[in-house]
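*Asks:* One structure, pasted below without further comment.
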Amino acid sequence: MNRIEPHIPGGCSVAGILNEKKGFIKGEQIIKMITVMHERSNGLGGGFAGWGIYPDNKDDWCFHLFFDNEKSREFTEEYLKHDYEIMKKEEIPTRKVKVIDKRPLIWRYFLRINREKKNEFYELTEEDIVMNSVMKINEEFEGAFVVSSGKNMGVFKGVGYPEDIAEFYRIDDYQAYLWIAHGRFPTNTPGWWGGAHPFGLLNWALVHNGEISSYGTNKRYLEGFGYRLMLQTDSEAILYLFDLLLRKHNLPFEIACMALAPLLWDEIERMNEEEKQLLKAIRMVYGSALINGPSSLILGYKNGMLGLNDRIKLRPLIAGRKDDLFYLSSEECGIREICPEPDKIWAPKAGEPAIGELKL
Amino acid sequence: MKLSFLYPEFQVIRDESKCIQCEVCVRQCAFGVHTYDKDEKKVTSDNLKCVGCHRCATLCPTQALIISRYPQDFRENYNWRKDVIRDIFKQSESGGVLLTSMGCDKEYPIYWDKLLLDASQVTNPSIDPLREPMELRTYLGNKPEKLEFSVKNNSQATVNYKLLTKLSPQLELETPIMFSAMSYGSISYNVCLALAQAAKILGIYYNTGEGGLHKDLYKFGKNTIVQVASGRFGVHSDYLNVAAAIEIKIGQGAKPGIGGHLPGEKVSKEISETRMIPEGTDAISPAPHHDIYSIEDLSQLIFALKEATCYTKPIIVKIAAVHNSASIASGMVRAGADIIALDGVRGGTGAAPTRIRDNVGIPIELALASVDERLRKEGIRHRASIVIAGGIRNSADVVKAIALGADAVYIATSALIACGCHLCQKCYTGKCNWGIATQDPYLMKRINPDIATERLVNLIHAWSLEIKEMLGGMGINAIESLRGNRLRLRGIGLTDTELKLLGVKPAGESL
Amino acid sequence: MKRIYIKEEYCMGCRLCEIHCLVAHSKSKKIIKAYKEEFPRALPRLIVEQKGPFSFALQCRHCEDAPCIKACLTGAMHREKKTGIVSCNQDKCIGCWMCIMVCPFGVILRDIKEKKVATKCDLCPDEDIPVCVAKCPNEALVYEEK
């Protein structure tokens, strides 16, 4: 893919809906949420991620891909054939939208890991194999980019207002038990669809409003664990941090959030001895994972959704609940647009995660 | 008597209209520059003896004295400079190794002055350190790669998890600055006391250097790093156990490859007791540790020290910054060091051969960049913290050092300047007029430890405030988010190779 | 009552205390004038005793039971009621030097250049703290109540 742009900081909008009983939420709900916050974007990026959208292929790894041209698609497909069994492949259906003119080829491939290849990889988990493929394609294959790589989920994004992107990708045709969405306000002019949010990897997708001042530190820390950061965006770094802490290091969600947005030393000193030692240890060991700088993010994953602010809450984030539904939004209007009378609506504290999980 | 070719280096310019013949200068100069002529009823000065320490000029109650360079001019010669010629004159008279003190003063590039810092604007707010919390706390030591937890099932607790991983011992610093090794012997007892007291007040550490630890300073053990150098001066079990950490000194930036040197004139009764050597003998440390001839020997010593202290203290290994620092550092980490200390070519010393001080070693900025990068590439960066030393002059140097990858810095020359040192480079004579680098009882009194402590505390406090300002300007409120964050640095006036070695982009390039 | 005490471990024998005491008791109170243009020169009221590396500044102790007051024939040497300072009224002093002979510290001086009177440390009544304490570069002199 042509990666021409420098680091693009964001002032943006984020939104998310989760049905904790795994009931289906129509695409138009998330579209409404993000559209009402139109003023927070400037038309240079928008995107959606949905979980539960491919019930017929729910056990296959689904890669959403951008290609510059047919040649890069064929090249990539050759590689995929080698490591995977291609169960299904097709262009992602889109509508013609006047404002969206320059667009890449957009495909989705449903893959199963080739058994022979799997044995070759000894101790690698399925996730590691998939992650390596994604990084390989993104780093080495000219004109190809993996947008998302999860099971029964997908990321739909591009350059345009979120409502236009929704129209383009026919989001209203889909149903999911979890949706997240993003509208972008970058300060440079990107030309590249891959730079929009959400950022997806495996079953994770992340949307982010903010600019992290610790990016350089986080990047070098992640590179030490084999992650290759190529997009120059904060979302990529944050998602990889979550992947590292949650999947590779197996940390509980609350602990991972304490590492990314820890309490101040003053506050830690006032806690009881056992908790003090625990929080000190987290800051000592995971200091390079600390996200400094304004940030509100929504992480979507197979079993739920997490909203988190930076440790001094320099960007907005509101959470809400009604019956089985859990909402997250940059602004309250996003929630009230589709749920005028929530049971509970609150602003999570700095550094405290707001978590919704499937209860089955 | 042979003719000496040496002429004065400095001249004392006395404003006769201001001089009140009070003789303070006469009494204060240990080099005997000033004398009172009874017949003429005037103070006169012998320029040949002046070393340029400014003691007389500072104490003169009427500011009647100016110390300036003696304007003896040679015919211009780019190759045969004044100082080069002078050194040959000296050596033809003495037949010996030229000695000097403090750090390399030659015109090698200073990379701190070629690095610029970032600030946040618009897209990311800068933070005001006077109104928002700004955290400088730093922990030095071996950290595990990850932590393990178990669930507590106690809904009353704020944190419902129990930490299972046991952490290695750590040093806790309230600000990422420590006082570097200066041996008792090279400096006077009062300065050691001031360093210890200041370290305690500031919540940081000071380093005993290779002179052992004076018994009256044991009470500052919690803020003391004791050194085990090649001479093993003053090393015994109490010494090791009273300290917060132990530093194995393999080398120092001022004189890589050779050991410490304390001239016999400075070995008084107290020094002799503390170092466990006879009074009046030269204390010359061996070049290598004679039980460390390879990396596995170092590992043996590290673990011997850990055993002797029951694994309760981090072990620091200090090396001079030389060409293959990165490989040596990697070996040190794998040998069990908890903290790596790197000392660059600008590092100071009480006494060193001039040629070694000025020609051996590399600037600390380059060594730091390569060590940090190498340890990260090998995936072992978390196993040891990096502390750097060698000419850290101000808080901007500290911030740049942390951005390049250091966990903390050691300062020594800056600390001594805070106490009164004027860098005359005559420490090896033992005649320090400021009372710092001397064991002469008359001169030692000139350092009042209470005043010196206050000055050191002021210095570190001022630097910490400045560091907070710079961090806030970058939109960072915890120092761990700056560590290794080279994207917040830009190089200016650096070649492509230097930019690559430092791992920074040139000024003008955005991310 | 606050008195001047010396920390001899910090006295470096520079004698700046003597110089500043002299200036404080001179006519012009300016150092260069006091030394170069005033004749007779003023007297410093403290003495720095020195032997080898040991030195200390010594001045009138303003003793509670001052022998000099007892020995004074004219009553010139007296204690100021408000401050407790032992002071010599130079209008009454006849220069008999009995005070000098009885002073156990030897800190009273003969001022014979103009009149013939006894003179000594007066704890600088016009200053917040005595000048020698303020100007000691090593804070070896302290002004405190013990």
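*Asks:* Compute the helix-to-body angle for B:189-202: its Cα long axis versus the longest principal axis of chain B, expressed 0 to 90° and rounded to tens.
*Replies:* 30
*Asks:* Also: Report the Cys residues of chain B lacking a disulfide-compatible partner, meaning no second Cys Cβ under 4.7 Å from their Cβ.
*Replies:* B:19, B:22, B:29, B:50, B:60, B:104, B:192, B:310, B:419, B:421, B:427, B:432
*Asks:* Shifting gears a bit: Helix-derived [θ] at 222 nm for chain C: sum -39500 (n - 2.57) over DSSP H runs of at least 4, divide by residue count, nearest 500?
*Replies:* One gets -4500 deg cm²/dmol as the mean residue ellipticity at 222 nm.
*Asks:* Here's another thing I want to ask about it. Over what distance in Å are the Cα centres of the stretch C:12-87 and the stretch A:225-245 separated?
*Replies:* Spelled out, the Cα-based centre of one part sits 76 Å from the other.
*Asks:* Ok, one more. For chain B, what is the calculated [θ] at 222 nm in deg cm²/dmol (nearest 500), taking -39500 (n - 2.57) for each run of four or more DSSP H residues and dividing by its residue count?
*Replies:* Calculated at 222 nm, the ellipticity per residue is -8500 deg cm²/dmol.
*Asks:* How far, in degrees from 0 to 90, does helix B:325-334 lean away from the longest principal axis of the Cα atoms of chain B, to the nearest 10?
*Replies:* Orientation of helix B:325-334: about 50 degrees from the principal axis.
*Asks:* I've got another one for you. Just to confirm a number: summing +1 for Lys and Arg and -1 for Asp and Glu over residues other than residue C:97 whose beta-carbon lies under 10 angstrom from that of residue C:97, what do you get?
*Replies:* +2
*Asks:* Okay, next question. Computed from the mean reciprocal separation of all distinct C-alpha pairs, what Kirkwood hydrodynamic radius does chain A have, in Å?
*Replies:* Over chain A, the inverse of the mean reciprocal pair distance is 20.5 Å.
*Asks:* Between 0 and 90 degrees, rounded to the nearest ten: what's the tilt of helix B:364-377 against the longest Cα principal axis of chain B?
*Replies:* 20
*Asks:* If you count, for every residue in A:273-284, the Cβ atoms of partner chains within 10 Å of its Cβ, what is the mean?
*Replies:* Per residue, the number of nearby Cβ atoms from other chains is 5 on average.
*Asks:* Scan the stretch B:250-342 for GluC sites (Glu not before Pro) in coil per DSSP, keeping those whose Cβ has at most 15 other Cβ atoms within 10 Å, and list them by number.
*Replies:* B:279
*Asks:* Sticking with this one: Based on DSSP loop calls and a cut-off of at most 14 other Cβ atoms within 10 Å, the longest stretch of chain B free of exposed trypsin sites (Lys or Arg not before Pro) is what?
*Replies:* Excluding the exposed sites themselves, the longest stretch runs over B:167-511.
*Asks:* Under a crude label model (7 Å from the Cα following the beta-carbon direction), how far is residue B:294 from residue C:134 in nanometres?
*Replies:* About 7.1 nm separates the two model spin labels.
*Asks:* If each of residue B:323 and residue C:90 carries a label point 7 Å out from its Cα toward its Cβ, how far apart are those two points in nm?
*Replies:* Result: 7.7 nm between the two label points.
*Asks:* Taking 20 °C and 1.002 mPa s as the conditions, I'd like the Stokes-Einstein D for the stretch C:12-146 in µm²/s, using the Kirkwood hydrodynamic radius from alpha carbon pairs.
*Replies:* 137
*Asks:* If you don't mind, another one. Kirkwood Rh, Cα Rg: Rg to Rh for the protein assembly as shown?
*Replies:* With Rh from the inverse mean 1/r over Cα pairs, Rg/Rh is 1.10.
*Asks:* Same structure, new question: Just tell me how shielded B:470-483 is by partners: mean number of partner chain Cβ atoms within 10 Å of each residue's Cβ, no decimals.
*Replies:* Mean shielding by partner chains, rounded to a whole number: 6.
*Asks:* At most 11 other Cβ atoms within 10 Å and a DSSP loop assignment: could you name the GluC sites (Glu not before Pro) in the stretch C:20-77 that fit?
*Replies:* Sparse-neighbourhood loop GluC sites (Glu not before Pro): C:64.
*Asks:* Of all beta bridges DSSP finds with both residues in the stretch B:177-457, what is the antiparallel percent, to the nearest 5?
*Replies:* Here the share of antiparallel DSSP bridges comes out near 5 percent.
*Asks:* Counting Lys +1, Arg +1, Asp -1, Glu -1, what net charge surrounds residue C:14 among other residues with beta carbon under 11 Å of its beta carbon?
*Replies:* Value of the local net charge: +4.
*Asks:* Please return the longest stretch of chain A lacking exposed loop sites, where chymotrypsin sites (Phe, Trp or Tyr not before Pro) count only if DSSP places them in a loop and at most 16 other Cβ atoms lie within 10 Å.
*Replies:* With chymotrypsin sites (Phe, Trp or Tyr not before Pro) excluded where exposed in loops, chain A gives A:226-360 as its longest stretch.
*Asks:* Now for a different question. Loop only per DSSP, at most 16 neighbouring Cβ atoms within 10 Å: give me the GluC sites (Glu not before Pro) in the stretch B:1-75, ordered by residue number.
*Replies:* B:16, B:23, B:40
*Asks:* Is there a simple number for the mean count of other chain Cβ atoms within 10 Å of the Cβ of residues in B:135-143, and what is it?
*Replies:* Mean partner shielding for this stretch: 3.
*Asks:* Another question, if that's okay. Give me the tail of P(r) for the stretch B:357-511 as a percent: Cα-Cα pairs with distance above 29 Å.
*Replies:* 32
*Asks:* Lone cysteines in chain C, going by a 4.7 Å Cβ-Cβ cut-off?
*Replies:* Those would be C:11, C:14, C:21, C:63, C:72, C:88, C:93, C:96, C:103, C:124, C:136, since no other cysteine Cβ in chain C comes under 4.7 Å of theirs.
*Asks:* For residue B:507 and residue B:131 in one chain, what is 0.36 nm times their gap in residues minus the Cα-Cα distance, to one decimal in nm?
*Replies:* 132.3 nm
*Asks:* Over the Cα atoms of the stretch B:152-282, each weighted equally, I'd like the Debye log10 I(q)/I(0) at q = 0.10, 0.20, 0.21 Å⁻¹, rounded to two decimals.
*Replies:* Those come out to -0.39, -1.15, -1.24, one per q.
Read-outs: derived from the displayed coordinates by stated rules, not from any lab. These numbers come from a predicted model, not from an experiment. Here Cβ is always computed from backbone atoms with ideal geometry, including for glycine, and neighbour counts include all displayed protein chains.
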